[in-house]
Structure formats: C-alpha cells, structure tokens
Amino acid sequence: MDQLLSTNVATNLYWFGRHLQRVETTLVDVIEIFDCVIDTDKDAGRRYFEHLEIELDYANASQFLDNAIFGDHPSNLAEIMRFARENAIISRAYIDTDAFGETIHLADLFDHASKSAVFVDYRFVDDALSLINEIWGSMNRGLIRCKSDHFVRLGKLTEKVDLHLRHGKDGKEPIEYLNNILQTAQKIAPDAKLAISRTDEEANLDAINALIDELVVY
C-alpha cells in the first residue's frame, strides 16, 4: 500500500533534508577554508560568505571558524539545526528511530557549543559531521524506499543545487542534481515533469520549487 503523507509532514521531511544538507555542506566548506585562512589566504572566508550576501568579520582562523558556524547571520548553523530538529519532530513517525535520535543529539551539540565561551575547533566539526553521516546512514540502510525517504532526498538535492549556484560554481554538477531531482520526484509522482535549463539558473530553481509544491499535495 502506498504511504500516505499529509502536506505538513511531506513539507517537513523535505525541509529536514534541506536543513541537514545545508549544515553538512557548510561544515565541509568552512573546515577547508579554515585551513586556507591559517596557511595561505586570510580572506578566503570573507569571499565564501559574500556569495551568501553575508559580511563575515574575523581577526584570525579560530574566530573565522566560530563566526562561520555561530555568527550573527542567516547561515548560523545552530539556528539551522534548530529548524532541522523541529522538522524531525513534526515528521518523527516517518524517520528512522536511530536517525531521529542522532538528529536530536546533533542539535544539542550545536546548541551547547553556541552557548560556550570557548571557540569551536576542528574537533567540533569532526563530531558534527560524524553524526550527520550516522543520520544519513541510518536513513539509507533499508532496502525499500518509501515516499517519506524520497521527500528527504529531494530536500538534500535541492539544497545542493541552491548552494552550488549561490557560490557560483560551474561544471556539470547542477544538471546532474536536477536530473536526480526529477528521477526522485517521479518515484513519488510518475508523471512529474521538470523543465531543465542549461543556461538559466533562476529558472531551474523556480521549476524545482513549483515541482515540490505539486508533490507535497500529490
């Protein structure tokens, strides 16, 4: 029997995937930039956040890492993890038990670190990424994929496209992500369509958003 999801649950599963992917991608990027700020390019962090329309201020590499993760800006990862936790709580019945528990653990890790007077370091990033890997692994270990799994995957892929374009990266990755989004969408609605443009990035994002709006009420 086909899995039945309310519009609210489907939306929260989708945003759970987006929020967790945003945290993962940002952590991977900032720890790489952290090394650059230490060794070769002090302004690398500023350039990265300029793509997100954020003016990040820091005096050294340690301050960069802390401000990148917990600074007073829209990409504050502690706040994004609070959103992810809320998404998970609302859709708890459709998320693997272990994945749900690790999500709460991860949100607590961010919450505690954000309130600490001590700057975070690479060990915090390693711990957070390890928990994210456990969450994804728990959610993917079953052989059968349900509609709920597809909505989480759609969120992950959409966030990858969004961040890829925000940071002005080129290459074939966005088109591959878009094709994967369509394939995933068709597992929810076999007649799903996605007009993919190779030149208009904004049109692609608009098309994804329209597709998701259709799928959550399918």
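The values are calculated or read from the model by the stated rules, or taken from the named source; none is laboratory data. This structure is a prediction, so every number in the text was calculated from the model and none was measured. Glycine also receives a Cβ, built like all others from the backbone with ideal geometry; neighbour counts cover every protein chain displayed. Please note that ligands, DNA and RNA were not included when accessible areas were found on the heavy atoms of the full protein model with its side chains. Shrake-Rupley method; radii C 1.70, N 1.55, O 1.52, S 1.80 Å.
The figures follow:
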read-out: With Cα atoms, 0 to 90° folded angle of helix 61-70 axis to the chain main axis; value: 40 degrees
read-out: Cα-projected label distance for residue 6 with residue 179, points at 7 Å along beta-carbon direction, nm; value: 3.8 nm
read-out: On Cα atoms only, tilt of 97-114 relative to the major axis of the chain in degrees; value: 30 degrees
read-out: Segment 1-86: radius of gyration and largest Cα-Cα distance (Dmax), Å; value: 16.1, 57
read-out: Vicinal HN-Hα couplings computed from phi for segment 32-38 (Karplus, 6.51 cos²θ - 1.76 cosθ + 1.60; Hz; Gly/Pro x); value: 5, 5, 3, 5, 5, 4, 5
read-out: FRET efficiency estimate (nearest 0.05) - Cβ-Cβ, residue 197 to residue 86, R0 25 angstrom; value: 0.15
read-out: Simple spin-label estimate for residue 32 and residue 109 in nanometres, 7 Å along Cα-Cβ; value: 2.0 nm
read-out: Exposed trypsin sites (Lys or Arg not before Pro) absent - longest run of the chain, DSSP non-H/G/I/E/B, at most 10 other C-beta within 10 Å; value: 1-114
read-out: Folded to 0 to 90 degrees: helix 77-90 orientation relative to the chain principal axis, Cα; value: 30 degrees
read-out: Cα gyration tensor category, rounded, prolate or oblate, for the chain with a/c compared to 1.5; value: oblate
read-out: Span from the segment 104-166 Cα centroid across to the segment 4-57 one, whole angstrom; value: 11 Å
read-out: Of all accessible heavy-atom area on the chain, the percent that carbon and sulfur account for (1.4 Å); value: 48 percent
